[in-house]
Structures are given as structure tokens and as C-alpha cells.
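The values are calculated or read from the model by the stated rules, or taken from the named source; none is laboratory data. In this text, all values refer to a predicted model and were calculated from it rather than measured experimentally. Cβ atoms come from the backbone with ideal geometry, glycine included; neighbour counts cover every protein chain shown. Calculation scope for accessible area: heavy atoms of the full protein, side chains included, ligands and nucleic acids excluded. Shrake-Rupley method; radii C 1.70, N 1.55, O 1.52, S 1.80 Å.
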Amino acid sequence: MALAAATGLVFAFVSRAARADDLQQFELGKTRFDAAEYDEAASRFTAMLDPAQKPCESVPTSGTAPCRLTDTDLIQRARTLRAASLVALKRYDEAEAEIATILRQNPTYSPDPAVFPQEVVDRFTLVRGRLRQELDVAEQKRAEEERQRRIAEQKAKEEEKRWIESLVKAASERQIVMQNSRIVAAMPFGIGQFQNGSKKLGWTFAITQAFTGATSIVASQVFNYYASFDQTIATGAEREELVRRQQITLIINQVAFGLWAGLTVAGIVQAQIAYVPQKVTIEKRPVPPRPAVRVVPTVAVTPDGFGVGVIGAF
């Protein structure tokens, strides 16, 4: 059964209306900065960065109402332009405070000398020097957090892999339980040992009991053969030889039978002592192959904008 699911990956655009509001507000401040209206530019950028203001996407696009930027890239650019405006107004304390905020959020940031005056670049250098120790500690902390995040992700992947492997193993194997019998365990010739799963011991009892049992039977047949002779027609020496052979085969029969009986009793006792109530076997079952993932690109068009994504069927 195919299961369709949206991947949630929107990789090209977001709502045009939300971006337009942020960008519109930013451009209103930037045009003031480009026109060297630094006081007005600083005021506009201050309003854009004020957490108390409503997000621009929730404010009507009249172009006059102040609002707060939410786009990360535009926020950093707005802070840089605000700092540059404050430097131009010689409000150095405020400018350096803004620069410190920028560097704390992005320690590697540096304004483009081709875009900003050298005085602004120098201010970034001075503030970076004063915050060097703090920035180094923050960078080390971020690096450690990133390392821990990667370790956690790797651990999660490994745990997921083990979980999938356990599911595949469970799906590919079926456990079969067979109940053993005490009656079977009381049978000779190693049958009880084979039932308990002791194959080597089972073969030992099977071979030795079969050998001694067969020896006892053969000896009894030879004894009967010698006993069938008519000793009245035999000479004295012949009768003595027949009697001697009968005694030998009788002894062999008795010893072999005794060994067979002892081995039989020992095998039954051992099988009862080591009795295994049930035997578990694993039966392999075929596992269906992993289904192929089919990815289809999608385009969503709305009154506010459009977005691009993918839908996967698997």
C-alpha cells in the first residue's frame, strides 16, 4: 500500500507578502542611509529592531507604520546600517553597542570596506578587539554545542538503524516452540538425549547401547548353536571343547547384556535429569524489499505568493 506524505521541504521561496513587508521596511531605512539622512535612517532602523514593535508581516503595508523585522539576514544588515548611521552621527557609544550585538550574534562578521566607510570598519575592529575573549569563549561554546549536536544526531541515526535492524530481524524470523515428552526421554538408544538437544551424548548412548545389545544377541545365538550339538556322539575332548565354548559365549552374552542394561538405565536417568520441557527453533521468513521512494516536485500558488516543495510516495 502506497503511503503519500509531504516532505515539508520548501526549498525555493516563502510567502511573498511576508518577505515584501520586511524588505520594504528595510529599503525605507536604506534609502535614508544612502541619501546621507543618517538621523532618519538611525530612527527607522531602531524601530525595525525594537522587540516591542509588531512583526512587519502583521502590519498593513502602508509604508509608514513602524514594524519589527523577522528575516535574519535583513536584521543583521539593518543592525550594520544602524551602526554605520550612528558612527556618521558620532554617537559612538550607541554605535559600538550595536556592533557588539552584531558580533555576539555572528563573531565572524565584518562589514564590506567597499560598501561602508573605513571609520565603520575600524569601529568593528576596535569592538572585536575589546570583545576578543568573550567572543572566543562564545565561539568555543558554539563549537562544543555543534559537536554535541552532531554526536546526538549520529547517536540517533545509529539507534534508528539498530531499531530498523531489530524490526527486520523480527519480521524475518518466526519462533516455533515444540513441547518435549517425559515418555520420549525414557526411551533407550539416546532418544532422550536427542530430544533434549544433546546430540553428541545421544550418539554416544545410541552407539554403545546398539553395540552391547547386538553383542549380547549374537552371543546368545552362538550359545544356542553350540548347545544344539548332540554331545552323546562326541568324544570326551570334543564335549569339553563344546562346554568351554558355551561358557565363553554365555559370559560374553551376560557381560554384554549387563553393559547394555547399565547404559540404558544411565541414558534414561541422564535424560530425565537434564530434561528440557520445550525446544525452540527459529524459522526464516522472506522480508519484502524496501519500497522505492518516488519524489514529485510541487508548486503552490496563493494570493500572497507561491512556494515550491516536494511530495514523496512510498
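Filtering the range 170-191 down to residues that are of a type in the set (A, V, I, L, M) and under 11 Å from Ala271 (Cα atoms), which residue is least open to solvent (accessible area, probe 1.4 Å)?
The qualifying residue least open to solvent (accessible area, probe 1.4 Å) is Ala185.
Count, please, the residues in the range 244-265 that happen to be in contact (Cβ under 8 Å) with a residue 12 or more places away in the chain and farther than 24 Å from Tyr226 by Cα.
Counting residues in the range 244-265 that are in contact (Cβ under 8 Å) with a residue 12 or more places away in the chain and farther than 24 Å from Tyr226 by Cα gives 2.
Looking for something open to solvent by less than 50 Å² (accessible area, probe 1.4 Å), out of contact with any strand residue (DSSP E or B) (no Cβ under 9 Å at 6 or more places or on another chain), modelled with pLDDT under 95 and closer than 26 Å to Val127 by Cα - is there at least one such residue anywhere in the range 11-27?
Checked against the condition, which is being open to solvent by less than 50 Å² (accessible area, probe 1.4 Å), out of contact with any strand residue (DSSP E or B) (no Cβ under 9 Å at 6 or more places or on another chain), modelled with pLDDT under 95 and closer than 26 Å to Val127 by Cα, the range 11-27 yields at least one hit.
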